[in-house]
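Engineer: Here's a structure for you.
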Amino acid sequence: MSESTESKKEIITGLEQSSRPREAEYDLVKSLLAAAAYKTAEDNITEVDIKRHGVYYFTVHLRPLSDPEVRQARKKATTYMPNPQGKKLPPIEKEFDFHTFNSWVIYLATTEEDQKTIWGQPAVMEKHGLQMPVESIDILLSSGEKQRMVDTVMQISDADEESEAVTQEEYAGN
């Protein structure tokens, strides 16, 4: 194996060529497990303070979302209708509610504790006749606060800010 091939292998795998393959494998497993814990890692939690006119109201703790969670938010914000091509075919999308999607993104990105203590606050839910905690997001946040919170969630969900995204031109070139 040539030296350039070995250096490429090292870059692709992220493993140093070691005389101890077990040690390198252990480091890989350790790294994979750490990467999988991104939702609960303390350094991935972002605090968002809700303040209006200099008055502090509450703090929400947000974490990154996975792709399935974003799909779940989209599904909850979409209404479906029977497929006009036939009953045996899957239903088709009728309407997508962007505001509901944003509420679900915020709710799913909120830590479990805050889901209960803030969005699921029984006094707020009872006073406003809410059925689900996610509904309180529209009661407790202004439109701008809600949009900034969604933007924050999407920003922190970017797994590696330092990695370069592949552009369409690079993708087409490969």
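Engineer: Where residues in the range 82-100 are of a type in the set (A, V, I, L, M, F, W, C) and closer than 24 Å to GLU135 by Cβ, which of them is surrounded by the fewest Cβ atoms within 10 Å (Cβ to Cβ)?
Structural biologist: Residue satisfying both the conditions and the ranking: PHE98.
Engineer: Could I ask something else about it? Out of all the residues in the range 112-121, which are part of a helix (DSSP H, G or I), in contact (Cβ under 8 Å) with a residue 12 or more places away in the chain and closer than 20 Å to LYS76 by Cα?
Structural biologist: GLN115, LYS116, TRP119
Engineer: Out of SER136, SER142, SER157, which single residue is of a type outside the set (D, E, K, R) and touching a His at 6+ places or on another chain (Cβ under 8 Å)?
Structural biologist: Answer to the check: SER136.
Engineer: Of all helices (runs of 4 or more DSSP H) completely enclosed by the range 122-163, which ones contain at least 3 residues that are modelled with pLDDT of 95 or more, over 18 Å from the mean Cα position of the chain (by Cα) and in the same structural domain as LEU62 (by TED's automatic domain parsing)?
Structural biologist: Here the list reads 122-128, 136-140.
The values are calculated or read from the model by the stated rules, or taken from the named source; none is laboratory data. Note that the structure is predicted; figures quoted are calculated from it, not measured. Because the Cβ atoms are built from the backbone with ideal geometry, glycine has one as well, and the counts that use them run over all protein chains shown.
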